[in-house]
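This report concerns only the one structure given below.
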Amino acid sequence: MKASQYLLDSGLRVGNGVAADPVLVFAVKAAIVVLGLTLAAAFLTWAERKVAGRIQLRYGPNRVGPYGLFQPIADVLKLLFKENLAPATRDKLLFLVGPSLAVGTAILAFAVIPLSAVNHGIGAGYDLHWDISHLNIGLLFILAVTSLGAYSIFLGGWSANSKYSLLGGLRSTAQLISYEMAVSFSLIGVVILTGSLDLEKIVTQQNHAWFVVMQPLAFLLYFTGALAETNRAPFDLPEAEQELVAGYHTEYSSLRFGLYFLGEYVNVITVCAIATTLFLGGWLPIVPFLSFIPGVLWFIGKVAVLILVVMWIRWTLPRLRYDRLMSLGWKVLLPLGLLNIVITGAVVAFQAA
Amino acid sequence: MTALIIVVGILAVVGAVGVVLSTQPLYSALSLVFSIGMLAILYLILNAQLLFAVQLIVYAGAVMVLFVFIIALLNPKAEDRPILDVRAVVAFVAVITITAALFATAHNGITYSGSNFRGAVVGASHNDQDPAYTKHAFDFKPADVNSGQAGNVQTVGGQLFTVFLLPFEITSLLLLVAAIGAVYLTRRVPKTEVDT
């Protein structure tokens, strides 16, 4: 048995009787997701500038192509042809590892998110799962991979050997550690309700009501915490312009800077996709009679709305002060998360009794 | 599959060696992260998915991030390379002996009996009906690994909250004590007027 085949057959696949993806299907799925995420991230930069423009009563990019739609292409070309400047005193290996990890971990988390319902019995009894890898512990996998994202920002900040970068890196590490707890706790409520860590099962159990109805507090906690984990305003202390120039990526230029940029936007997509999957019913339609619209479109639509909210928040709220950020994470989000777990657990236990 | 295990295992060892041989503390810590990641992949191959996730979330994602954080905060200088002296030779011989002993034990198999306390747990993945089940660590087959439920969330959670409830609760108490101790040690000492 080939090693890759084995990984598909048993290592990553669980659930007895689930037919494994052939390596080719696996590769095609992975390619689609990676390309799709990269493209989406590129056009999110356009969307963000448009949203920012509208909020600040101006047009935003409108020169390249209709409505400035080709602006991302121009931006990418510019980044490609820029000179790749790097400080002479940098740590050569880690300076490269940082940006690569930023994109890698961001995309990897997307591997277990189901985009649509399973298509049963395509071909010889083969089930098509709409995720790259159907993991039994999908939720834990996401938490594990996103927790590794802390290294990318930290290594970038440390290896540049610059004070601003280092401060940005340290801030982001502290921030990510603090908010990871709150984010994980907010998800436990959903796990208690479904009794499963399998993202597909979590979505199908929202058939009658989305979990945002049953877990409104958890949704708010997750969204706040996840926003902090993406390092975006109002939680963008690791790159606060007024204080740290550009924080952890001050010394990066050209494509390496582009990778951090890409990582940030893919992270935003991933965070919104997780929120959609866990709280907004994933691929399920809002009302049953709209179910003729394919699940993927529902999923993408919901994610898009959430991303719009994320951008909206960025351009309307001022940045938090650092100590306020920490006390929000530890003294507000974390206790509320615990409260949510206790209440959910009690309700589930009483209903079972 | 065996090839994959060997490759990942070798990478884990390379990471572990890097921890010892790096002169820069940060590189040592990052080698440890790498080694932990490779161990996590080994767990995944052995179908212990929960262990895989816990290994990454707790060790790579939380503990080691704090290590790295502190190293960057204190910014210690690069250390000298360890010198080869009598202690190093003694340690080397001891490590080789223990490793060889472990390999021998794993290869010869360990006998579990049905009433054995550990057998009840480990046996979850094996044939625990057999009163004296001899397990060779090196000759598992894919079917063996597939049928194993030992590493999944339900099994671990069930064991943790039934068989091992008391040790589990005591451990949590221990952590609480450690947390209170840490808070006490790092508290701000109020200024006294005695030491003028």
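The values are calculated or read from the model by the stated rules, or taken from the named source; none is laboratory data. The structure presented is a predicted model; accordingly, all values stated were derived computationally and were not measured. In this analysis, Cβ positions are derived from the backbone assuming ideal geometry, glycine residues included, and neighbour counts consider all displayed protein chains. In case anyone asks, the SASA skips ligands and DNA or RNA and just uses the protein heavy atoms, side chains included. Shrake-Rupley method; radii C 1.70, N 1.55, O 1.52, S 1.80 Å.
Among residues of the range A:154-182 that are without any contact (Cβ under 8 Å) to a residue 12 or more places away in the chain, those with a beta-carbon under 8 Å from a residue that is of a type in the set (A, V, I, L, M) and assigned to a helix (DSSP H, G or I) at least six positions away or on a different chain give the pairs A:Leu166/B:Ala72. Counting the residues of the range A:131-150 that are part of a helix (DSSP H, G or I) and at the interface with chain B (Cβ under 7 Å from one of its Cβ atoms) gives 7. Select from the range B:47-61 the residues that are under 25 Å from A:Leu94 (Cβ atoms), open to solvent by 10 Å² or more (accessible area, probe 1.4 Å) and either in contact (Cβ under 8 Å) with a residue 12 or more places away in the chain or more than 7 Å from chain A (Cβ to nearest Cβ) (or both) and list them in ascending order. Result: B:Gln55, B:Leu56, B:Val58, B:Tyr59.
Take the residues in the range B:62-88 that are without any contact (Cβ under 8 Å) to a residue 12 or more places away in the chain and within 8 Å of chain A (Cβ to nearest Cβ), then tell me which one is surrounded by the most Cβ atoms within 10 Å (Cβ to Cβ). Spell out how you get there, then give the answer.
As a first pass, look at the range B:62-88 and keep what is without any contact (Cβ under 8 Å) to a residue 12 or more places away in the chain: B:62-63, B:65-66, B:69-70, B:73-75, B:77, B:83-88.
Now narrow it down to the ones that are within 8 Å of chain A (Cβ to nearest Cβ): B:62, B:65-66, B:69, B:73.
Numbers: B:Ala62: 16, B:Val65: 23, B:Leu66: 13, B:Phe69: 19, B:Leu73: 12.
Only one residue fits best here, namely B:Val65.
Taking the condition without any contact (Cβ under 8 Å) to a residue 12 or more places away in the chain and either part of a helix (DSSP H, G or I) or more than 13 Å from every other protein chain (Cβ to nearest Cβ) (or both), does A:Leu77 pass? Reasoning before the result, please.
Values: without any contact (Cβ under 8 Å) to a residue 12 or more places away in the chain: yes; either part of a helix (DSSP H, G or I) or more than 13 Å from every other protein chain (Cβ to nearest Cβ) (or both): yes.
Yes.
The one condition from (1) modelled with pLDDT under 90; (2) over 23 Å from A:Asn267 (Cα atoms); (3) not polar (S, T, N, Q) that A:Trp298 does not meet is (2). Within this structure, B:Ala3 fails the test of being assigned to a helix (DSSP H, G or I) and open to solvent by less than 60 Å² (accessible area, probe 1.4 Å).
Looking at A:Arg319, A:Arg314, A:Arg256, which one is over 17 Å from A:Phe219 (Cβ atoms), surrounded by 14 or more Cβ atoms within 10 Å (Cβ to Cβ) and in contact with a Lys or Arg (Cβ under 6 Å, 6 or more places away or on another chain)? Break it down into steps so the answer makes sense when it comes.
Details: A:Arg319 fails: in contact with a Lys or Arg (Cβ under 6 Å, 6 or more places away or on another chain); A:Arg256 fails: in contact with a Lys or Arg (Cβ under 6 Å, 6 or more places away or on another chain).
None of the other options fit; the residue is A:Arg314.
Selection of the range A:151-169 for residues being in a helix (DSSP H, G or I), more than 10 Å from chain B (Cβ to nearest Cβ) and small (Gly, Ala, Ser) yields A:Ser152, A:Gly156, A:Ser165, A:Gly168. Summed over the range A:283-297, the residues that are open to solvent by less than 50 Å² (accessible area, probe 1.4 Å) and in contact (Cβ under 8 Å) with a residue 40 or more places away in the chain give a count of 4.
Screening A:Ser116, A:Ser186, A:Ser172, A:Ser178 for residues that are in a helix (DSSP H, G or I), of a type in the set (S, T, N, Q), more than 12 Å from chain B (Cβ to nearest Cβ) and touching a Gly at 6+ places or on another chain (Cβ under 8 Å) leaves exactly one candidate, A:Ser186.
Does any residue of the range A:93-110 turn out to be farther than 20 Å from A:Phe154 by Cα and not in a strand (DSSP E or B)?
Within the range A:93-110, the first condition is being farther than 20 Å from A:Phe154 by Cα, and the residues that meet it are A:110.
Still in the list and also not in a strand (DSSP E or B): A:110.
Scanning the range A:93-110 turns up at least one residue that is farther than 20 Å from A:Phe154 by Cα and not in a strand (DSSP E or B).
Residues that are free of Cβ contacts under 8 Å to residues at least 40 places away in the same chain and more than 7 Å from chain A (Cβ to nearest Cβ) within the range B:34-46 comprise B:Phe34, B:Ser35, B:Ile36, B:Gly37, B:Met38, B:Leu39, B:Ala40, B:Ile41, B:Leu42, listed in sequence order.
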